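This report refers to the structure that appears directly beneath it.
The values are calculated or read from the model by the stated rules, or taken from the named source; none is laboratory data. Keep in mind the model is a prediction, meaning the values are calculated, not measured. Cβ placement follows ideal geometry from the backbone for every residue including glycine, while neighbour counts extend to all protein chains displayed.
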Amino acid sequence: MDCEQLKSSVLRWFGREIECHTSERDALIATLPILKPNGDPIEIGVEPIGKQQWRLSDLGDTYSTLYLAGVDLPEEYVRGQEFRQIIEAHRIQDDQRELSVETSASELIDTMFDFVHAIQSMLALQLTVRHEQPSRDFASIVAKFLAEQHVSFEVPTHIDGKTGRWKFNFVLNHVREETLIKTLSVGNRTQAMRRAEESVFEIRDVEGLRGMVNAAVICDDEGDREALWGPPVSRIFDGYNVPVYPFFGNREKLIQLARKYPA
């Protein structure tokens, strides 16, 4: 094999690996064989904006991924500064939701790969976050309760959504349409708000792939933790019709859910 044959082989492989489909607004969405840190492929939106002019976007994925990874860009001095440096270096337009660049038709491919490189650099910021370990294994406490109630359930490795793979603690199943369960145990109100927002995002993301799903949250309200799930947090779940079951404060309601899924 010589250099030309090698280049030809690489180009054929790359062409086979690229997937492309049309979005609701008639833009193209290209799924590239270039990966995020979690192993998922990067998707790029491509749409015409004028004669021989194109707009590329990250479809809002970068901000949502960093947020869910705990990178709070407005408050993160070092990470936020690095994020902004990448924005400036690659001349990216940023509306705080979606990242985009504009380019001519002649420079479309070069600009796309430069944009993808920038996205990879931004997403790598999540690898610098040190996640706090939960103070206790609340999911095991809930699992013991479900077993005592003779509930039919599974512990999934992950649940696929439209933009990522998400951790749900249990899937109640067997006798009726399954219900996805997330268990939440936090140490302060800030964590409660963040976990509530993350949970709603993940449930909505699964719905983006599957359509309407049954999902619920079981929250750890033992002792002083009860106050952490007050009205500000409840409104997040209520706004998206996500049922919340306090584990200690409303056991009867939780038992009623459990009885719908007998083993």
Open item on the list: If I filter region 141-164 for residues that are free of Cβ contacts under 8 Å to residues at least 40 places away in the same chain, assigned by TED's automatic domain parsing to the domain that holds Phe247 and closer than 17 Å to Val200 by Cβ, do I get at least one hit?
Closed with: no
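This table checks each residue for (1) in the same structural domain as Arg97 (by TED's automatic domain parsing); (2) more than 18 Å from the chain's Cα centre (by Cα); (3) on the phi > 0 side of the Ramachandran plot.
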| site | (1), (2), (3) |
| --- | --- |
| His21 | yes, yes, no |
| Ala27 | yes, yes, no |
| Pro37 | yes, no, no |
| Glu43 | yes, no, no |
| Leu59 | yes, no, yes |
| Tyr63 | yes, no, no |
TODO: Could you list all residues from region 10-50 that are in contact with a strand residue (DSSP E or B) (Cβ under 6 Å, 6 or more places away or on another chain) and of a type in the set (Asp, Glu)?
DONE: Glu17, Glu19, Glu43, Glu47
TODO: Give the residues of region 216-226 that are of a type outside the set (Asp, Glu) and either exposed (fewer than 15 other Cβ atoms within 10 Å of the Cβ) or in contact with a Phe, Trp or Tyr (Cβ under 8 Å, 6 or more places away or on another chain) (or both), sorted by residue number.
DONE: Ala216, Val217, Ile218, Cys219, Gly223
- [ ] Among what's in region 233-259 and is assigned to a loop (DSSP other than H, G, I, E, B) and in contact (Cβ under 8 Å) with a residue 40 or more places away in the chain, pick the residue that is surrounded by the most Cβ atoms within 10 Å (Cβ to Cβ).
- [x] Phe247
Task: Of all residues in region 151-202 being closer than 15 Å to Val233 by Cα and of a type in the set (Gly, Ala, Ser), the one that is modelled with the lowest pLDDT - done: Gly187
- [ ] Restricting attention to region 174-194, report how many residues are surrounded by fewer than 20 Cβ atoms within 10 Å (Cβ to Cβ), touching a strand residue (DSSP E or B) at 6+ places or on another chain (Cβ under 8 Å) and not in a loop (DSSP other than H, G, I, E, B).
- [x] 1
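Results for (1) basic (Lys, Arg); (2) under 25 Å from Glu102 (Cα atoms); (3) modelled with pLDDT under 85, shown as yes or no for each residue.
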{"residue": "Cys3", "(1), (2), (3)": "no, no, no"}
{"residue": "Ile29", "(1), (2), (3)": "no, yes, no"}
{"residue": "Pro33", "(1), (2), (3)": "no, yes, no"}
{"residue": "Leu56", "(1), (2), (3)": "no, yes, no"}
{"residue": "Glu75", "(1), (2), (3)": "no, no, yes"}
Task: Residue that is nearest to Asn173 (Cα to Cα) [pool: residues in region 209-232 that are among the small types (Gly, Ala, Ser) and assigned to a loop (DSSP other than H, G, I, E, B)] - done: Gly211
- [ ] Inspect region 126-133 for any residue being outside any loop (DSSP other than H, G, I, E, B), within 26 Å of Thr190 (Cβ to Cβ) and either at pLDDT 85 or above or hydrophobic (A, V, I, L, M, F, W, C) (or both) and give the result as yes or no.
- [x] yes
- [ ] Kindly indicate whether Arg210 is free of Cβ contacts under 8 Å to residues at least 24 places away in the same chain and closer than 28 Å to Lys36 by Cβ.
- [x] yes
TODO: Working carefully through the options Ala216, Ala263, find the one that is closer than 23 Å to His158 by Cα, touching a residue at least 24 places away in the same chain (Cβ under 8 Å) and not assigned by TED's automatic domain parsing to the domain that holds Glu178.
DONE: Ala263
Task: Residue match in region 155-173 (condition: in contact with a helix residue (DSSP H, G or I) (Cβ under 8 Å, 6 or more places away or on another chain) and part of a helix (DSSP H, G or I)) - done: no
Open item on the list: Looking only at strands (runs of 3 or more DSSP E) that lie completely in region 1-69, which have at least 1 residues being without any contact (Cβ under 8 Å) to a residue 40 or more places away in the chain?
Closed with: 19-22, 28-35, 41-50
Task: Residue list for region 1-20, filter: closer than 18 Å to Pro33 by Cα and loosely packed, with under 10 Cβ neighbours inside 10 Å - done: Gly15, Arg16
